[in-house]
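Nothing in this text is a laboratory measurement; each read-out follows from the coordinates by a stated rule. Quantities reported herein were computed from a predicted structural model and do not represent experimental measurements. As a convention, Cβ positions derive from the backbone with ideal geometry for all residues, glycine included, and neighbour counts pool all protein chains shown.
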Amino acid sequence: MRPFLLTAGRVAGGGTGPPLPVETQVVATSSGLSALGSLAFERHDIVAACRRPQSVAELAARLRLHLNVVRVLAEDLRAAGHLAVHVPDAGTTQDISVLRRVIDGLRAVPDSRGTLRDSG
C-alpha cells in the first residue's frame, strides 16, 4: 500500500507543531491501551507496539512502515491522547549511542518496494 494512502495524503499530523524528530520517544497512554479495540489497522499496531517507550525510527522499523507515515499517525495518536511523546533535549540527540540506534532503526525501514536498505 502506498504511504500517502495511510495518511490520506497528509505529510504532517493534526498537531500545530513541527514534525516529530526521528529520535522522539513514544509510549502508549492508559487511554490508548484502553482504546486498542476501537483503533483500526496501523493506528492499532502503533499503540500496541508502544507498550514500551521507543523512538519513532525504531517504531517504523519494527512495524515495517514508512517513517513519515509513523510520524503523521503518531502525531494524530498524540492529539487523541493515545500516545505520550517525549522529545529528547539537544544534549541527548548529540549522544552517539542514541544516534547509532536511530541510524540502525532507519536502515531497518524498508523502501517503497519493501526492500531493506543496505546496512553497511
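Here are a few things to note about the model shown:
- Counting Lys and Arg as +1 and Asp and Glu as -1 over every other residue whose Cβ lies under 12 Å from the Cβ of His86, the net charge comes to -1.
- A Förster radius of 35 Å, combined with the Cβ-Cβ distance separating Arg51 from Ile96, puts the computed FRET efficiency at roughly 0.80.
- Taking amide H positions as modeled 1.01 Å from N, with prolines and chain starts lacking one, the residues under 5 Å from Leu83 and 5 or more places away or on another chain are Thr29, Arg78.
- Residue-count net charge about Ile46 - beta-carbon cut-off 15 Å; Lys, Arg +1, Asp, Glu -1: +2
- Cβ-Cβ FRET estimate between Val87 and Phe41, R0 fixed at 22 Å, reported to 0.05: 0.25
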